[in-house]
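Here is the structure we will look at.
The values are calculated or read from the model by the stated rules, or taken from the named source; none is laboratory data. Just so you know, these numbers come straight off a predicted model, no measurement behind them. Methodologically, a virtual Cβ is constructed for each residue, glycine included, from the backbone with ideal geometry; neighbour enumeration extends over all protein chains shown. Each accessible area value is taken on the protein alone, full model and side chains, heavy atoms only, with ligands, DNA and RNA left out. Shrake-Rupley method; radii C 1.70, N 1.55, O 1.52, S 1.80 Å.
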Amino acid sequence: MKLRYSEAFYSVQGEGKFVGVPSVFLRTFGCNFRCMNFGTGETKDRWTLHKEGKKYNDEVAELIAKDVHKTTKEFNDLPIIHTGCDTYASIYPEFKHFNKLAEVDEVVEHLLSLTPEGKWTMDNGQDIHLIMTGGEPLLAWQKLYIDLFEHPRMKDLKNVTFETNTTQPLHSEFYEYLNTQNRFEVTWSCSPKLSVSGEPWETAILPVVAHQYSTVNGSDIYFKFVVATADDFEEVTRAVEAYRERGIECPVYLMPLGGRSEEYNLNVKEVAEACMERGWRFTPRLHISLFGNAWGT
Ligand code: SF4
């Protein structure tokens, strides 16, 4: 079995609990969501795009209409978009051919080639984190991850974070594997999608899934919500309450919407103030300030 992934890169973690930690990111292909409303300014009825039965948000539709998916040569040359899912090339089938399809051996070699010393634990004792991101990294590759983590050259890996939309249950084999391995620490960075994304609550907020993640032996879990307006603070409150009712008490991070620094700066202060008021934690998008919105960061 091969893994389809759009990019792997070395950067500092820009969001959440491990902000600033040098990390290798593996961005897998495929997502069960589209998050078409992000950044569109839809506020009255955020699910409009879905109701219209649209498959793409306007920017992606335009790229496809212009044959950008056929005429662009390299993944890194694809345009950055500012509405909808910012990793569109990792979710839409039209862009599948920009993604690599590789055996576990090749993936491991690629990941290690990105680290400063070709290994996860450096000679000075510091370790490089591995971030499984997407797309939705738990959608299709769980069995293959066992081979990936068990690869002989992954033995010194100490920290793995799954950046997940928290809708995909762990398959029994993978759950069992994570429960019994004690080589690396697992962190669930859970980003359930609020209505600002355009995804409906019923399919986006699934406490039973988060609960399953939280029961993996020795793992750590936190929530990270993307917010755009004051309305979203109330929705975060509702969501956190729903997770608490299912027995999940963990840190809650809020992150301002916005892939471009112009947009990001719009509501950053308001988000920080809401965090101070309600005891949530603020997470920046450090990579935006450091590198702007670019692939491979
Ligand atoms: S869940 Fe994440 S990867 Fe999937 S469409 Fe939404 S923003 Fe994109």
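Data table
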item	result
Residue within region 127-140 that is surrounded by fewer than 22 Cβ atoms within 10 Å (Cβ to Cβ), more than 16 Å from the ligand (Cβ to nearest atom), farther than 23 Å from Glu59 by Cβ and more than 18 Å from the chain's Cα centre (by Cα) present	yes
Only one of Glu241, Glu262 that is modelled with pLDDT of 95 or more and not in a strand (DSSP E or B)	Glu241
Of all residues making up region 87-103, the number that are touching a helix residue (DSSP H, G or I) at 6+ places or on another chain (Cβ under 6 Å), open to solvent by less than 20 Å² (accessible area, probe 1.4 Å) and either of a type outside the set (Phe, Trp, Tyr) or within 24 Å of Glu150 (Cα to Cα) (or both)	1
Condition met for Phe75 (modelled with pLDDT of 85 or more and within 13 Å of the ligand (Cβ to nearest atom))	no
Filter result for the condition that a residue is modelled with pLDDT of 85 or more and either more than 16 Å from the ligand (Cβ to nearest atom) or part of a loop (DSSP other than H, G, I, E, B) (or both), over Glu7, Glu59, Glu15	Glu15
Region 193-228: number of residues that are under 16 Å from Gln168 (Cα atoms) and basic (Lys, Arg)	1
Test: residue in region 196-212 that is away from the ligand (no atom under 14 Å from the Cβ), under 17 Å from Tyr145 (Cβ atoms), open to solvent by 10 Å² or more (accessible area, probe 1.4 Å) and over 15 Å from the mean Cα position of the chain (by Cα)	yes
Condition met for Ser197 (without any contact (Cβ under 8 Å) to a residue 60 or more places away in the chain and hydroxyl-bearing (Ser, Thr, Tyr))	no
Of the criteria (1) surrounded by fewer than 23 Cβ atoms within 10 Å (Cβ to Cβ); (2) in contact (Cβ under 8 Å) with a residue 12 or more places away in the chain, which one Gly84 fails	(1)
Pair list, Cβ under 8 Å, 6 or more apart: region 107-119 residue without any contact (Cβ under 8 Å) to a residue 12 or more places away in the chain, other residue among the aliphatic types (A, V, I, L, M) and in a helix (DSSP H, G or I)	Gly118/Leu112
Region 18-38 - residue that is open to solvent by 40 Å² or more (accessible area, probe 1.4 Å) and either farther than 14 Å from Thr161 by Cα or at pLDDT below 95 (or both) and, of those, nearest to the ligand (Cβ to nearest atom)	Arg34
Hits in region 91-137 (condition: farther than 16 Å from Ser11 by Cβ and of a type in the set (S, T, N, Q))	Asn99, Thr121, Asn124
